[in-house]
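**Q** Below is one structure. I have some questions about it.
Each value in this text was obtained by applying a stated rule to the coordinates, not by laboratory testing. These figures come from a predicted structure and were not determined experimentally.
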């Protein structure tokens with residue numbers, strides 16, 4: 001009765017959390033490039049040399065764009081080390097190493113990591129857990145939205161704690177969706193064109209087969225609070241829209257105590 005009245009499952013918060021790490025291990029074994037950029041061009045059967053070059057060229061373009069934004073927003077930014085969380089096959093990690101001289105990619109998918117480790121760019125390291133060291137630029141793009149928020153907040157806290165003094169972070173996540181996705185799994189807020197309302201009838205992630213990429217919305221207030229707690233009070237937010245899944249890229253800089 002209560003479920004019918006509220007339009008939600010009041011016990012959902014007690015459901016077993018979906019093992020998205022297992023999903024990504026499966027995706028990495030079958031479609032490591034398509035799992036990073038969901039275009040038919042990058043499926044295993046279509047991945048010729050030209051497609052592979054377009055794939056990595058897109059990474060170089062993205063890193064150059066975000067590097068330019070960090071400099072435009074915060075002044076001279078010259079990182080000498082970088083961390084790429086959710087690196088996949090190294091699409092962003094390689095150009096990060098070219099800019100910073102040293103870049104570490106982190107991913108839990110052995111299949112993707114096997115592809116990433118084929119790169120021979122100097123200064124590259126690939127690991128399966130966040131290192132307990134500081135980096136001057138921490139980046140995570142099109143990654144956190146595939147991780148359930150209650151895990152993602154903990155990961156974000158760890159990533160931000162690893163930003164060195166006067167370092168910076170570039171983090172993308174999603175926080176709402178348009179009405180066409182109102183019943184999709186992982187929704188938090190619905191944008192109906194004139195208002196913003198809670199997502200009360202979204203499907204449970206447990207209803208999907210393993211190996212499926214799911215999108216999760218984050219509480220942006222909580223995210224900003226994590227940046228604040230990490231001493232990153234200089235922030236800039238730019239909206240992004242992935243087919244009606246709406247989010248933001250957050251650019252942040254940690255300043256030295258006397259700056």
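**Q** What percent antiparallel are the DSSP beta bridges of segment 87-218, to the nearest 5? Could the numbers behind the result be given before it?
**A** On the way: 3 of 15 bridges.
Of all bridge pairs located within segment 87-218, approximately 20 percent are antiparallel.
**Q** Rounded to the nearest 10 degrees, what's the angle between the helix 49-74 long axis and the longest principal axis of the chain, both from Cα atoms, 0 to 90?
**A** Approximately 90 degrees, to the nearest ten.
**Q** Another question about this same structure. Name the most mobile residue of 242, 66, 146, meaning the one with the largest mean-square fluctuation, in a Gaussian network model of the chain with Cα contacts below 10 Å.
**A** Taking springs between Cα atoms under 10 Å, the residue moving most is 242.
**Q** Which of rounded, prolate, oblate describes segment 91-174, given a ≥ b ≥ c as roots of the alpha-carbon gyration tensor eigenvalues and a/c under 1.5 marking rounded, otherwise prolate only if a/b is larger than b/c?
**A** Working: a/c = 1.83, a/b = 1.19, b/c = 1.54.
The shape class here is oblate.
**Q** Note down the relative contact order for the chain as a percent, whole number, built from C-alpha pairs under 8 angstrom at least six residues apart.
**A** Details: 477 pairs, mean separation 45.1, N = 259.
Dividing the mean separation by the residue count of the chain yields 17 percent.
**Q** Restricting to Cα atoms and excluding each atom paired with itself, what does the Kirkwood estimate give for segment 146-259 in Å?
**A** Details: mean 1/r = 0.0658 Å⁻¹.
That comes to 15.2 Å for segment 146-259.
**Q** Rounded to the nearest 10 degrees, what's the angle between the helix 149-161 long axis and the longest principal axis of the chain, both from Cα atoms, 0 to 90?
**A** So the inclination is approximately 20 degrees.
**Q** In degrees from 0 to 90, rounded to the nearest 10, what is the angle of the helix 20-30 Cα long axis to the longest principal axis of the chain?
**A** Tilt relative to the chain: about 60 degrees.
**Q** Same structure, new question: For the chain, give me the percentage of DSSP beta bridges that are antiparallel, rounded to the nearest 5 percent.
**A** 50 percent
**Q** Now for a separate question. I'd like the distance separating the alpha-carbon centroids of segment 138-184 and segment 23-74, in whole Å.
**A** 18 Å
**Q** Rg/Rh for the chain: what does it come to with C-alpha atoms and Rh from Kirkwood? Spell out each step's value before the answer.
**A** Working: Rg = 18.7 Å, Rh = 19.2 Å.
My calculation of the ratio gives 0.97.
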